[in-house]
Amino acid sequence: MTLTVIIAFCALLLVAYFFDLTSAKTRIPSVILLLFTGVALKQATEFLNINLPDFDAVLPVFGMIGLILIVLEAALELELNRSKLPLIRKSFLGALFPMLTITILLAAIFHYFGGYSLRLSLVNSVPISVISSSIAISSVRNLSSDNKEYVVYESSFSDILGVVLFNFVSFNKSYGAESFGHFGLQVFIIMVITLVATIILAILLHRIEHHIKFVPIILLIILIYALAEVWHLPALIFILLFGLFIGNIDKLKRFKWSASFNPGELHKEGVRFKEVTTEGAFLVKSLFFLIFGFSLETAQILETKTLWISIVIAAIIYGLRFVQLKLSRLPVNPLLFVAPRGLITILLFLSIDASQRIGLVNESLVVKVIVITSLVMMFGMMFKPKKKAAPKIKDPLLPDEIPDEELENL
């Protein structure tokens with residue numbers, strides 16, 4: 001039995017790697033393939049009468065670790081300089097305002113048409129309003145650098161703001177001056193923790209000479225995140241800022257105080273750290289979607305009751321995104337289609353206490369929204385405008401065609 005499980009896990013992860021490897025060419029988001037692979041595996045085990053343990057308990061754990069690694073991986077890739085400030089501002093506002101608008105609209109629909117309280121409607125609306133960085137970032141590899149950077153910033157901000165908003169609406173029974181003041185205090189505390197933790201972790205990353213150094217750093221990052229979550233602090237802010245600091249440490253050379261970090265050497269360690277983080281994010285993300293697909297019931301997926309609600313939600317998502325892109329003067333095609341729901345939606349949905357869940361928002365609805373938004377992104381990316389080749393500048397002093405041998409000698 002043990003060998004069978006090992007063989008199955010290795011085979012499934014290799015299949016997940018194949019999906020990730022081919023997604024750039026097929027344009028099919030790997031999350032859809034992973035979800036349906038999990039569903040097919042569930043059907044196969046039932047048909048063969050194979051009893052497997054219940055994985056529902058470990059699903060939130062994989063989701064949380066996957067979220068940390070995905071946001072950290074994205075932050076390590078981002079380049080900070082003054083020229084990026086307009087892009088950062090647009091992506092932040094592009095993540096914030098559509099999220100708030102979608103949350104309020106869906107909460108109003110659940111409240112007035114479903115008869116649920118406004119607070120419960122808000123709690124159940126937030127997960128659906130968050131763009132998934134785990135899907136969006138991995139699906140824009142073929143876009144131009146500007147569009148790709150925008151998606152990385154926007155989806156990372158969306159994850160962070162989504163978790164912050166979810167904690168705010170779920171842990172506060174009322175939304176007055178007191179709750180906003182408490183929220184401001186939480187942000188201040190996490191900023192202080194981020195400053196101290198980032199300095200300590202950067203020093204450890206540079207000073208540890210043991211052959212095992214990245215695993216302890218990642219474990220410390222997860223530990224700090226988990227402790228911050230216990231205190232209901234916006235912990236993803238720490239992940240984002242730490243990743244930005246390590247990923248841009250080489251730009252601090254001009255400051256004298258940075259000499260203690262040895263930016264040159266720390267930058268090299270940061271590159272290796274990013275490679276380990278990327279590998280870990282792939283592994284955990286793949287296991288999460290496979291297990292989530294395995295935990296689904298076929299009846300939930302085929303249920304038609306939630307299909308129309310899912311289509312209405314998707315229409316709201318893309319209608320508001322179109323308006324937001326126009327107001328931000330950003331290219332509608334292909335950015336309009338890059339608004340998938342995924343890991344963070346599932347994770348926040350699973351985080352809703354049983355006493356706070358409403359009947360309209362269930363696993364069937366969540367899966368359908370994820371599949372619809374992923375399919376829209378897939379077809380949108382298939383028909384994205386091709387990059388125009390740079391025009392050739394003809395020199396009147398040179399002939400129209402130059403043999404390759406002569407060109408190399410120029």
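Of all residues in region 283-311, those satisfying the criterion of being farther than 15 Å from Ile370 by Cβ, out of contact with any Leu (no Cβ under 9 Å at 6 or more places or on another chain) and in a helix (DSSP H, G or I) are Thr298, Ala299, Leu302, Trp308. Can Ser121 be described as over 20 Å from Phe282 (Cα atoms), in contact with a Leu (Cβ under 8 Å, 6 or more places away or on another chain), open to solvent by less than 30 Å² (accessible area, probe 1.4 Å) and touching a residue at least 40 places away in the same chain (Cβ under 8 Å)? It is true that Ser121 is over 20 Å from Phe282 (Cα atoms), in contact with a Leu (Cβ under 8 Å, 6 or more places away or on another chain), open to solvent by less than 30 Å² (accessible area, probe 1.4 Å) and touching a residue at least 40 places away in the same chain (Cβ under 8 Å). Screening the candidates His182, His232 for the property of being open to solvent by 80 Å² or more (accessible area, probe 1.4 Å) and of a type outside the set (D, E, K, R) yields one hit, His182. Filtering region 26-60 to residues that are charged (D, E, K, R) and closer than 17 Å to Ile135 by Cβ leaves only Arg27. Checked against the criterion of being open to solvent by less than 30 Å² (accessible area, probe 1.4 Å) and either in contact with a Ser or Thr (Cβ under 7 Å, 6 or more places away or on another chain) or touching a residue at least 60 places away in the same chain (Cβ under 8 Å) (or both), region 192-209 has at least one qualifying residue.
Taking region 21-44, which residues are at pLDDT below 85 and open to solvent by less than 50 Å² (accessible area, probe 1.4 Å)? Those that are at pLDDT below 85 and open to solvent by less than 50 Å² (accessible area, probe 1.4 Å): Thr22, Ser23, Ala24, Pro29, Ser30, Val31, Ile32. The selection criterion, being of a type in the set (Lys, Arg) and surrounded by 13 or more Cβ atoms within 10 Å (Cβ to Cβ), holds for Arg357. How many residues are part of a helix (DSSP H, G or I), closer than 17 Å to Met377 by Cβ and at pLDDT 90 or above if we restrict to region 95-136? Final tally of qualifying residues: 5. Among the residues in region 68-80, are any farther than 25 Å from Leu244 by Cα, in contact (Cβ under 8 Å) with a residue 12 or more places away in the chain and surrounded by fewer than 17 Cβ atoms within 10 Å (Cβ to Cβ)? No, region 68-80 contains no residue that is farther than 25 Å from Leu244 by Cα, in contact (Cβ under 8 Å) with a residue 12 or more places away in the chain and surrounded by fewer than 17 Cβ atoms within 10 Å (Cβ to Cβ). Restricting attention to region 349-365, the residues being at pLDDT below 90, not in a loop (DSSP other than H, G, I, E, B) and not polar (S, T, N, Q) number 3. Going by the conditions given, is Ile217 of a type in the set (A, V, I, L, M, F, W, C) and within 30 Å of Leu12 (Cα to Cα)? Taking the combined requirement at face value, the residue satisfies it.
For the structure I just gave you, tell me whether Ala24 is part of a helix (DSSP H, G or I), within 30 Å of Leu252 (Cβ to Cβ) and not hydroxyl-bearing (Ser, Thr, Tyr). Answer is no for this residue. When you check Leu143 against the structure, is it under 21 Å from the mean Cα position of the chain (by Cα), closer than 27 Å to Gly63 by Cβ, in contact (Cβ under 8 Å) with a residue 40 or more places away in the chain and not in a helix (DSSP H, G or I), yes or no? So Leu143 fits the description; yes.
Every condition in (1) of a type in the set (A, V, I, L, M, F, W, C); (2) more than 27 Å from Ile224 (Cα to Cα); (3) surrounded by fewer than 24 Cβ atoms within 10 Å (Cβ to Cβ) holds for Leu106 except the one numbered (3). Within region 315-336, being over 19 Å from Phe97 (Cβ atoms) and open to solvent by 10 Å² or more (accessible area, probe 1.4 Å) holds for one residue alone: Asn333. Filtering region 123-182 to residues that are among the aromatic types (Phe, Trp, Tyr) and within 20 Å of Leu93 (Cα to Cα) leaves Tyr150, Tyr153, Phe157, Phe166, Phe168, Phe180. Residue under question is Ser156, and the condition is that it be in contact with a Gly (Cβ under 8 Å, 6 or more places away or on another chain), closer than 21 Å to Val71 by Cα and either surrounded by 13 or more Cβ atoms within 10 Å (Cβ to Cβ) or in contact (Cβ under 8 Å) with a residue 40 or more places away in the chain (or both); does it hold? Answer is no for this residue.
Does at least one position in region 52-64 carry a residue that is closer than 26 Å to Val276 by Cα, assigned to a helix (DSSP H, G or I) and in contact with a Gly (Cβ under 6 Å, 6 or more places away or on another chain)? No, because not a single residue in region 52-64 is closer than 26 Å to Val276 by Cα, assigned to a helix (DSSP H, G or I) and in contact with a Gly (Cβ under 6 Å, 6 or more places away or on another chain).
The values are calculated or read from the model by the stated rules, or taken from the named source; none is laboratory data. Note that the structure is a prediction, hence the values are computed from the model and not measured. When we count neighbours, we look across all protein chains shown, and the Cβ atoms used for this are built from the backbone with ideal geometry, even at glycine. With ligands, DNA and RNA removed, areas are computed over all heavy atoms of the protein, side chains included. Shrake-Rupley method; radii C 1.70, N 1.55, O 1.52, S 1.80 Å.
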